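Note sheet for the following structure.
The values are calculated or read from the model by the stated rules, or taken from the named source; none is laboratory data. Please read all numbers here as calculations on a predicted model, not as lab measurements. Here Cβ is always computed from backbone atoms with ideal geometry, including for glycine, and neighbour counts include all displayed protein chains. Just so you know, the surface numbers come from the protein's heavy atoms only, side chains and all, with ligands and any DNA or RNA stripped out. Shrake-Rupley method; radii C 1.70, N 1.55, O 1.52, S 1.80 Å.
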Amino acid sequence: MGRIDKENYYLDIAQTVAERATCLRRHYGAIIVKSDEIIATGYNGAPRGRKNCVDLNYCTREALNIPSGERYELCRSVHAEANAIISAARSETIGATLYMACVDPDTGALIPGSTSCSMCRRLIINAGIQRVVIRNTATEYAVVHVEDWIREDDSLPDQRG
């Protein structure tokens, strides 16, 4: 059996971090790595001191049938990427890589094609993170160069006319 590559090693850790998530819809785990050291971890869950959705057995976005990717202001959770960034000093995140995995809490299956929401993208950009590696399957992943998120500014109206 071959040795696991570094990207999947860190993605395995991010996927394990996702096991702490308290969201009813999606379990995200994120870790920030710089110079081959884990700087911070984060998972999605309610802010410290507040009740989690799993404890309440209620999700506002689910109750209102809000599609994935919309109306995050109604969500109780702080996202995994945000929690990881909050736990790290900016001097540690500049030039770092964020590894992320998303798991369906009902089935335990990975959710391929997951990505950061627009709010988390802004945090990632400002934290100076260079790359985001997102798990799609047990061994396959997508790599996002944060410079692309800066260049393809999704907060501007479509300029194609």
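Structural remarks
- Where Met119 falls short, out of the listed (1) touching a Phe, Trp or Tyr at 6+ places or on another chain (Cβ under 8 Å); (2) open to solvent by less than 50 Å² (accessible area, probe 1.4 Å): (2)
- Within region 64-143, helices (runs of 4 or more DSSP H) holding 3 or more residues that are in contact with a strand residue (DSSP E or B) (Cβ under 8 Å, 6 or more places away or on another chain): 80-86
- Positions within region 106-115 being surrounded by fewer than 17 Cβ atoms within 10 Å (Cβ to Cβ) and not aliphatic (A, V, I, L, M), in sequence order: Asp106, Thr107, Gly108, Pro112, Gly113, Thr115
- Among the residues making up region 118-151, a single one is of a type in the set (Phe, Trp, Tyr) and modelled with pLDDT of 95 or more: Tyr141.
- Within region 27-45, not a single residue is assigned to a helix (DSSP H, G or I), farther than 15 Å from Asp104 by Cβ, of a type in the set (Ser, Thr, Tyr) and at pLDDT 95 or above.
- Region 1-60, subset more than 24 Å from Arg90 (Cβ to Cβ) and among the hydroxyl-bearing types (Ser, Thr, Tyr), residue surrounded by the most Cβ atoms within 10 Å (Cβ to Cβ): Thr22
- Test: residue in region 122-140 that is in contact with a His (Cβ under 6 Å, 6 or more places away or on another chain), open to solvent by less than 20 Å² (accessible area, probe 1.4 Å), of a type outside the set (D, E, K, R) and in contact (Cβ under 8 Å) with a residue 12 or more places away in the chain: no
- From the options Ala63, Ala101, Ala84, Ala80, residue that is open to solvent by less than 80 Å² (accessible area, probe 1.4 Å) and more than 11 Å from the chain's Cα centre (by Cα): Ala63
- Entry remark, region 87-98: residues being of a type in the set (Ser, Thr, Tyr), open to solvent by 50 Å² or more (accessible area, probe 1.4 Å) and touching a residue at least 24 places away in the same chain (Cβ under 8 Å) number 1 in total.
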